[in-house]
Amino acid sequence: MDPFLTSRIVTDVLGGLTNGVIFGMVALSLVLIWRSTGVLNFAQGAMPMFATYVGFALLSYHFGYWACVVACVIVGLLIGGLTERLLVRGLYGKPEINPIVVMVGFLIVLEAVAAAIWSSFPRSLPTPFSFKDWQLAGKPLALSPFTVYEIVTALIVMTAVAVLFRFTKLGLQLRASAVAPEVSRLLGVRVGRLLTLGWMLSTVVGVITTILVASNLFQGLTPTVMDGIFAYGFIAAAIGGLESPVGAIVAGVLLGIINQFVTDYVNQNAVIIIALVLLIVSLMIRPSGVFTKRSERRV
Amino acid sequence: MLGANGAGKTTLLRTISGLKEPKSGTITMDERSLVHKRTEDIARLGIGHVPEGRGVIGEFTVEENLRLGEMMAKVNLQQGLDEQYEQFPVLGERRKQHAAKLSGGERQMLAMARALIAKPSVLLLDEPSLGLAPLVTAQLMHTIHSLCETSDLTVILVEQNASSALRIAHHAVVLHVGKVVANDAASVVAADENLRQYYLGLVE
């Protein structure tokens, strides 16, 4: 094959992978909440955004990057837990539109409050990794220490979530509380606490994603930093099947790669259109998601 | 617990387990009131409840269902699983299968095993024979009977199938629209012509 074309394809795949793992993480955090509480969390981008602002506010006191990351995670746990307890708890079992309206409202409030406190001006987060692409045969490779950091972090988070759900007692209880809360309680499972924990975990996945996104040289942290990414994460979750964490991740990664090829070969403006077409086609062919075993789902 | 549809049998069990608040009266176990306690705390006190329709989680494997039952027990998981597989060999054979693939009788066994693995002192069974073939029902009743005979377990069995329930029970209570109409030894209830005819639908 033409070496130029080969390197272009490699570059697209690598670039797409970097975006794709981010979409996959957003999709995963949506699936976590959907599976554990049956709520489609439209504030799934805004809650972590807020936590990241709070955590990185420490930077001005000369705390380092990693200390701020830890602070963001802790704030994320708090925001996730408090949101479930104070906002969402009363909405279980109500019509599905109720939590959606509440969470969309919460999204707007969080973005407005963040803009009021920190302004909507992009705030750059320092990173301990270089953005300089490595070279392959004299050409840049679309792969830098930062993108490796991004991909490795995403892999660690995804593996941790998979191990938690599949192999641990806690994961089994989380899954059981989601699908059969009453039976779980009859077996002594403290369902209420697990629902809170599900929201906390999901927000932490979101926080890590937001830090990766906002640390990017060309992005920076803004109140709406996650809006566009949330849309792609949502599409990935819907394509992968809201029930399936693995499906969400795979769909996210594929979507990232497809986006990159569309950007490169068609037009950047076509990206969201192609993504929506993919969503519609997949919903028509497999409404329950490409990766779920269940035959149908309420959409 | 016997009685027609709507007599309040399921409601009684759900009230014992804290899924419903009683309007009046008391529920005590070992001199401890269960009223106003949370369902999960009542379960942890040693009350196993196999709900109507069995409550087996279809998307979980047999073994995952059982592991869920073991959560709060202080028993060794593997030992607990082995005991249940010994009691219900078919579950051992199908441990890796999804519970949705089991037959009605197997699901009932799984639901019971899942409750038993936590070593409860009281087991509430809500219509275990519902939808099962007569032969399977007979086996199930035999299993329940031998459980009570070989351990300290107390079983509160809710049944519409009065004759097979009365055969294995020590004590029987007949409910009619929320009221107790009989409360006596099972043999006495079984022999009462009026009860048989009007409340239990047992006509020779």
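Derivation of every value follows stated rules applied to the coordinates shown; laboratory data play no part. Nothing here was measured: the structure is a model prediction, and the numbers come from that model. Backbone-built Cβ (ideal geometry, glycine too); neighbour counts: all protein chains shown.
What the table shows:
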{"read-out": "Relative packing of A:28-34, A:161-167, B:11-17, which averages over residues the other C-beta atoms within 10 Å, highest first", "value": "A:28-34, B:11-17, A:161-167"}
{"read-out": "Residue-averaged beta-carbon neighbours from other chains (10 angstrom radius) around B:33-46", "value": "3"}
{"read-out": "Packing rank of B:38-47, A:39-48, where each peptide gets the mean count of other beta carbons within 10 Å, highest leading", "value": "A:39-48, B:38-47"}
{"read-out": "Using alpha-carbon coordinates, inclination of helix B:134-150 to the longest axis of chain B, degrees", "value": "80"}
{"read-out": "Angle in degrees between helix A:227-240 and the longest Cα principal axis of chain A, rounded to the nearest 10", "value": "70"}
{"read-out": "Positive-pole candidate from B:THR26, B:PRO120, B:ALA186, dipole of the stretch B:9-199, charges at beta carbon", "value": "B:THR26"}
{"read-out": "In nm, spacing of pseudo-spin labels at B:ARG95 and A:LEU141 (7 Å Cα→C-beta vector)", "value": "4.6"}
{"read-out": "Per-residue mean of C-beta atoms belonging to partner chains within 10 Å, peptide A:55-64", "value": "0"}
{"read-out": "Cα long-axis angle, helix B:104-116 against chain B (0 to 90 degrees, to the nearest 10)", "value": "80"}
{"read-out": "For the protein assembly as shown, with +1 on Lys and Arg beta carbons and -1 on Asp and Glu, the positive-most of B:ALA100, B:ILE16, A:CYS68 along the dipole", "value": "A:CYS68"}
{"read-out": "Under-5 Å amide H pairs with B:ALA182, H placed in peptide plane, nonlocal only", "value": "B:VAL174"}
{"read-out": "Rounded to the nearest 20 debye, dipole of the protein assembly as shown from Cβ charges on Lys, Arg, Asp, Glu", "value": "600"}
{"read-out": "Per-residue [θ]222 nm for the protein assembly as shown (sum of -39500 (n - 2.57) over DSSP H runs n ≥ 4, rounded to 500)", "value": "-18500 deg cm²/dmol"}
{"read-out": "Point-charge dipole on Cβ atoms (K/R +1, D/E -1) for chain A, about Cα centre, debye to 20", "value": "960"}
{"read-out": "Inter-chain shielding of A:174-184 (mean C-beta neighbours from other protein chains, 10 Å cut-off)", "value": "5"}
{"read-out": "For the stretch B:9-199, size of Cβ-based charge dipole, Lys and Arg +1, Asp and Glu -1, in debye", "value": "460"}
{"read-out": "Rg(Cα)/(2.2 N^0.38 Å) for the stretch B:9-199, N = residue count", "value": "1.04"}
